[in-house]
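Only the coordinates and a few stated rules stand behind these numbers; no lab work does. Here the structure is a predicted model, which means the values were calculated and not measured. With ideal geometry, Cβ positions are generated from the backbone for all residues, glycine too; neighbour counts draw on all protein chains shown.
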Amino acid sequence: MKKRNALSFLCFTLVCLLILSACSSGKEINGKIAMEITTSDGRSIDAFFYPAAKPAAPVVVLAHWARSGQEAWEQVAYWLQNRGFAGTSESENNSDPWLDSTWFPEMPADRTYNVLTFSCDGCGEAGCRTNLGRDKWVLDMQAAFEAARTLESVDPARVVGIGASIGADGVVGECLYLNSKYLGTCRGALSLSPGNYLPLDYYSNVKDLLAMDPSVPVQCFYSSEDRASEFVCQVVQDIENVTVVEYQGSNHGMELIQPGLEHNALTIVLQFLSDTLGG
């Protein structure tokens, strides 16, 4: 009997350790902390946590597109963090405008956000491998949203998701997922070029978010020549509490973050965060 009790205690201890290690982190270097997040099916994905300048600040989850991993969001993350680390990314793709913060709108001095970025399984700076099931990416995004609310010094009841392309689909689906477990936690989702690229139905997820109490606002950005995103955004444009932003041309995902376009996406992001998370 004693051996059986000891074995039960050992199993219980191992389960507790697995839960505690679901989100492991290291030391802060240059304003960010390298992490590993454990998914519900036991895989690990790489992530970075950008701590805000003050405690109990809200957290923004940035979900990448299929043309890169979390690296695409680095300068936007620093800009939202607002601790003076923004600049130009040291990357083979550093000519991309979203990796050069010199043109970004000025962040109010008193505004600061915690930021979590992550790379889905099989995705990195060179993009995502196509031989992985996209259902895994849904689990990766679920794990990231769950991890975001547990990070040190964040306000767990104020989470917003912003994503591009596959990430644009994901932030709506996982905002709904998070609120199904912790009602009212995810305060909004902003999608740059969604297109039902994941096994998630964008329209249904938006409808369910808007039906929640409180209702969760959604913004949907698309280009007029980007047919998949145009279709998805136009389907939801007449739903109350959904804002649709149209661009001319064929820019997709992160390409909507660049100077000279008819709408400055980052200016809209700032207003969206103010409206959903407070000033």
Practice task
Answer rounded, prolate or oblate for region 59-174, using the Cα gyration tensor with square roots of eigenvalues a ≥ b ≥ c: rounded when a/c is under 1.5, else prolate when a/b is larger than b/c, else oblate.
Solution key: oblate
Practice task
Could you give the size of the charge dipole of the chain about its Cα centre, using +1 on the Cβ of each K and R and -1 on the Cβ of each D and E, expressed in debye and rounded to the nearest 20?
Solution key: 1420
Handout entry: Cα lying deepest toward the dipole's positive end in the chain, options 163, 76, 115, charges on Cβ
Key = 115
Practice task
Over 35 Å, how big is the tail of the calculated P(r) for the chain, in percent of all Cα pairs?
Solution key: 13
Practice task
Could you pull out every residue, at least 5 positions away or on a different chain, whose amide H is within less than 5 Å of the one on residue 190? Hs are placed 1.01 Å off N in the peptide plane, and Pro or chain starts have none.
Solution key: 161, 162, 163, 219
Exercise for the section: For residue 181, go through the aspartates and glutamates and keep the ones whose alpha-carbon is under 15 Å away, minus same-chain ones fewer than eight residues off. Expected result: 146, 208, 213
Exercise for the section: Mean Kyte-Doolittle of at least 0.5 plus a Cα span of 20 Å or more along the axis: flag which DSSP H helices in the chain meet both, please. Expected result: 2-20
Fill in the blank from the handout: Distance in nm between residue 44 and residue 95 label points, each 7 Å along Cα→Cβ, equals 3.6
Practice task
Determine the shape class of region 96-227: with a ≥ b ≥ c the square roots of the Cα gyration tensor eigenvalues, call it rounded for a/c under 1.5, and otherwise prolate if a/b is greater than b/c, oblate otherwise.
Solution key: rounded
Problem - Cα gyration tensor shape for region 150-248, rounded if a/c is under 1.5, else prolate or oblate - result: prolate
